[in-house]
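Single-structure report; data block below.
The values are calculated or read from the model by the stated rules, or taken from the named source; none is laboratory data. Quantities reported herein were computed from a predicted structural model and do not represent experimental measurements. As a convention, Cβ positions derive from the backbone with ideal geometry for all residues, glycine included, and neighbour counts pool all protein chains shown.
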Amino acid sequence: MRIPTFLTHPWWFSPGQSPLALLIRLMLAGVFVLEGWQKLVFPELLGAGRFTRIGIPWPEAMGPFVGVVELLCGALILIGLFSRYAAVPLIVIMIVAILTTKAPILIGSDWLIFHVRPLDRYGFWSFAHETRTDWAMLLGALYVLLAGAGPWSCDRVLARTGMAPVR
């Protein structure tokens, strides 16, 4: 099987220039590594059990799968290794999280197959409050995708040593 050319473009391996990317990476790793681990360690509360209550299909498979992806991609972003690639699944996870857990809060009822959880209030302001971390993680992962991991990263070491794959 041949890897699509756009996935081997040098841009994917560029670490970017901003040393402040380290702060964004620390934020992302601090959330995704810990949340991924908790989905695996506390499956009834945060993994498959929570996915069942939300209405996620195949919760027994999706709970651990999402936990492993968050843990591994969060760790890659922490050390700045293949950071742009690692950001992509995290972006998908955050979009799915907003659609499955926060959209029902916005409309105040179940939406498609996803269940609204009991809250004191629903609508825009409740949605805005409940999505604050989701938006921060989504935008942080988008930043890493677009700007790279920065000069203090394993990606930078690979780029400097010429070990980063190129087409």
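Numbers for the structure displayed
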quantity	calculated
Some residue of region 106-113 being within 30 Å of residue 5 (Cβ to Cβ), touching a residue at least 40 places away in the same chain (Cβ under 8 Å) and in contact with a Ser or Thr (Cβ under 9 Å, 6 or more places away or on another chain)	no
Members of region 1-39 that are buried (at least 16 other Cβ atoms within 10 Å of the Cβ), closer than 17 Å to residue 89 by Cα and of a type in the set (Gly, Ala, Ser)	29, 36
For residue 116: the one exception among (1) in contact with a Ser or Thr (Cβ under 9 Å, 6 or more places away or on another chain); (2) in contact (Cβ under 8 Å) with a residue 24 or more places away in the chain	(2)
Only listed residue being among the charged types (D, E, K, R) and closer than 28 Å to residue 109 by Cβ, chosen from 53, 2, 84	53
Selection count, region 96-114, where residues are over 23 Å from residue 32 (Cα atoms) and surrounded by fewer than 17 Cβ atoms within 10 Å (Cβ to Cβ)	6
Complete set of residues in region 119-141 that are part of a helix (DSSP H, G or I) and surrounded by 15 or more Cβ atoms within 10 Å (Cβ to Cβ)	126, 127, 130, 134, 136, 137, 138, 140, 141
Some residue of region 55-76 being of a type in the set (Val, Ile, Thr) and free of Cβ contacts under 8 Å to residues at least 24 places away in the same chain	no
Exclusive hit being in contact with a Gly (Cβ under 9 Å, 6 or more places away or on another chain) and among the charged types (D, E, K, R), set 134, 110, 120	110
Segments classed as helices (runs of 4 or more DSSP H), wholly inside region 1-108, with at least 1 members that are at pLDDT 95 or above and closer than 22 Å to residue 151 by Cα	21-41, 59-79, 83-97
Region 142-160, residues that are β-branched (Val, Ile, Thr) and buried (at least 19 other Cβ atoms within 10 Å of the Cβ)	144
Cβ pairs under 7 Å, 6+ apart, first in region 29-51 and closer than 17 Å to residue 136 by Cα and touching a residue at least 60 places away in the same chain (Cβ under 8 Å), second buried (at least 16 other Cβ atoms within 10 Å of the Cβ) and of a type in the set (S, T, N, Q)	none
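Each row is one residue, and each column tells you yes or no for (1) closer than 26 Å to residue 126 by Cα; (2) among the charged types (D, E, K, R).
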position: 31; (1), (2): yes, no
position: 35; (1), (2): yes, yes
position: 46; (1), (2): yes, no
position: 55; (1), (2): yes, no
position: 60; (1), (2): no, yes
position: 66; (1), (2): yes, no
position: 74; (1), (2): no, no
position: 103; (1), (2): yes, no
position: 108; (1), (2): yes, no
